[in-house]
Amino acid sequence: MAEGCLLTYSKYLYSRTHYLLDLKEKTETSIVVWLVEKDEKSKSIVFRDPSGFRELKIYGDKGEELFKLPRETLLYIRGLYDGDILRVENYEVILKPIEEPPVSYVELDEDLVKLAKYSPWYLRNAYWSNIIKLQHYMLWYAREFLYSKGFIELLPPMISVVSDPGLRGAKKLKTIFYGKEYELTSSTIMYKQATAAVYEKIFFVARNVREEPKEHISTGRHLAEFTQLDIEWALASIDDVIRLAEELLKYVSRKLLGKHQDIVFSLNKNFTEFKPPFPRISYDDALEITRKLGYDGKWGQELSQQAETALAEYYGSPVWVLKFPAISRGFYYLPDPHDPRYNLDFNLILPKGYGEVIDGGAREYRYDKLVERIKLSGEPLEKYSWFLDLAKSGGIPPSSGWGLGVERLTRYIAGAKHIALAAIFPKLPGITGTP
Ligand code: AMP
Ligand code: MG
């Protein structure tokens, strides 16, 4: 038995009778807590455990000793709790830091880079950790909804010979795999199409990495590493998948407000249930409306962020923008049969400047058309050989699908200033050296 090794002790040694936030009535208690802050003058200590933060007045001779311990000491305390007073009967130090943490996380720092650098500490902040808890429940209900609709969850690949080419401004990350250049997943589009041929209704919770332009750090909406809830549905139309997304948003928001209103409202009092159907307008109409609102846009280019914001304000709700010019997008969208200058695709724009949260469409599945579109994009066909070979032999079905930005939706529901707070270890555009 290794001496002094905690793991050689019985786990029951530290079994707690209460979490901090469950302490309400006078009671004998055993708690396992971290020491966050102390103020010897006022005899108070702020403690933390998984339930949250609690400031307690510390009484008793044994209690005095706690004030000598450094911040972030992990403690097992037995005592009498009574109306925010804790009379300490006994305590044990489970882990004593050699040095105090470099930051105090009780308040968040305004500096994004500092937040990212010390994210392992700031994640303890009550506000940030609640945003992440909200994300957990959001994914929970999104999965619950998709399972109920017959979708199966698959695990996405991390590396590919080629990832999504339609990134518009962001760069893909390369890696070396057995001496060959590979790409880290920037989107799972081709894998979605390939697996929809097997299961028809699939989804991934897929991590994506993209070197976003440095300036994107200040958009509030861009991370260099983010997550898409990525669905694909074989034989479905864009109308089917748009309605699926609307139902999902309604389901998730209703569940969150029904079961976790305390968390939601602690973050964002103004959040209300999504009420689909949302207006649908064409890209051309969106361009015209936003031009009238004073935002210059060039046909064939993305709507600017300001134009997107103005558009969602104009409608006062999330709004679908459909049929983007084919030249502005990746090769994998099906052209509009009535006018092949446009794709059968769509974006969902959130109100109040939160921007695009869903991107999707009907997919090109015909071998010859795929070849045509890839050639037009100027990329070598060989790069896509696994996908093209599959399509040639009937391996890619007609399908529609979308990707929903998990951190973007989290940010919107939480009403957070920056998307960095919707990730546990945010990778910011242009910033290296963070965990
Ligand atoms: P895209 O394929 O670029 O349209 O991305 C699909 C979805 O992922 C978008 O609608 C956003 O919700 C989300 N997304 C895209 N890029 C980022 C990013 N850099 N950071 C966070 N979310 C993103
Ligand atoms: Mg997009």
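The values are calculated or read from the model by the stated rules, or taken from the named source; none is laboratory data. Predicted model only: the values in this text are computed from it and were never measured. Counting neighbours? That spans all protein chains shown, and the Cβs are built from the backbone with ideal geometry, glycine included. Side chains are part of the model used for accessible areas, which takes the heavy atoms of the whole protein and leaves out ligands, DNA and RNA. Shrake-Rupley method; radii C 1.70, N 1.55, O 1.52, S 1.80 Å.
Taken over the range 396-433, the criterion of being touching a residue at least 60 places away in the same chain (Cβ under 8 Å), among the polar types (S, T, N, Q) and either open to solvent by 10 Å² or more (accessible area, probe 1.4 Å) or under 22 Å from P318 (Cα atoms) (or both) is satisfied by S400, T410. Residues that are of a type outside the set (V, I, T), under 30 Å from R366 (Cβ atoms) and modelled with pLDDT of 95 or more do not occur anywhere in the range 259-272. Annotation note: of L134, L86, L112, the sole residue that is farther than 26 Å from L66 by Cβ, modelled with pLDDT of 95 or more and open to solvent by less than 30 Å² (accessible area, probe 1.4 Å) is L134. Set side by side, the residues L388, L344 differ, and just one is open to solvent by less than 50 Å² (accessible area, probe 1.4 Å), over 23 Å from V205 (Cα atoms) and in contact with a Ser or Thr (Cβ under 9 Å, 6 or more places away or on another chain), which is L344. Only one of the listed residues (E200, E212, E246) is touching a Pro at 6+ places or on another chain (Cβ under 6 Å), among the acidic types (D, E) and either away from ligand 1 (no atom under 14 Å from the Cβ) or within 17 Å of M138 (Cβ to Cβ) (or both). That residue is E246. Picking from residues in the range 11-63 that are open to solvent by 70 Å² or more (accessible area, probe 1.4 Å) and among the hydroxyl-bearing types (S, T, Y), the one that is farthest from A126 (Cα to Cα) is Y12. Could we say that Y295 is away from ligand 1 (no atom under 15 Å from the Cβ), farther than 23 Å from L409 by Cα, open to solvent by 10 Å² or more (accessible area, probe 1.4 Å) and among the aromatic types (F, W, Y) here? Against the criterion (away from ligand 1 (no atom under 15 Å from the Cβ), farther than 23 Å from L409 by Cα, open to solvent by 10 Å² or more (accessible area, probe 1.4 Å) and among the aromatic types (F, W, Y)), Y295 qualifies.
Listed by first and then second residue, the pairs linking a residue in the range 341-362 that is farther than 16 Å from W233 by Cβ to a residue that is among the hydroxyl-bearing types (S, T, Y) and more than 13 Å from ligand 2 (Cβ to nearest atom), with Cβ atoms under 7 Å apart and 6 or more places separating them unless they lie on different chains, are L350/Y412; P351/S317; G353/T309; Y354/Y412; V357/Y412.
Got a number for residues in the range 311-335 being open to solvent by 20 Å² or more (accessible area, probe 1.4 Å), over 18 Å from R363 (Cβ atoms) and touching a residue at least 40 places away in the same chain (Cβ under 8 Å)? Going through the range 311-335 one residue at a time, the tally reaches 1. Taking the numbered list (1) more than 16 Å from ligand 1 (Cβ to nearest atom); (2) surrounded by 15 or more Cβ atoms within 10 Å (Cβ to Cβ); (3) part of a helix (DSSP H, G or I) in turn, Y182 passes all entries but (3). The residues on offer are E308, E288, E302, E379, and the sole one that is open to solvent by 30 Å² or more (accessible area, probe 1.4 Å) and within 16 Å of ligand 2 (Cβ to nearest atom) is E302.
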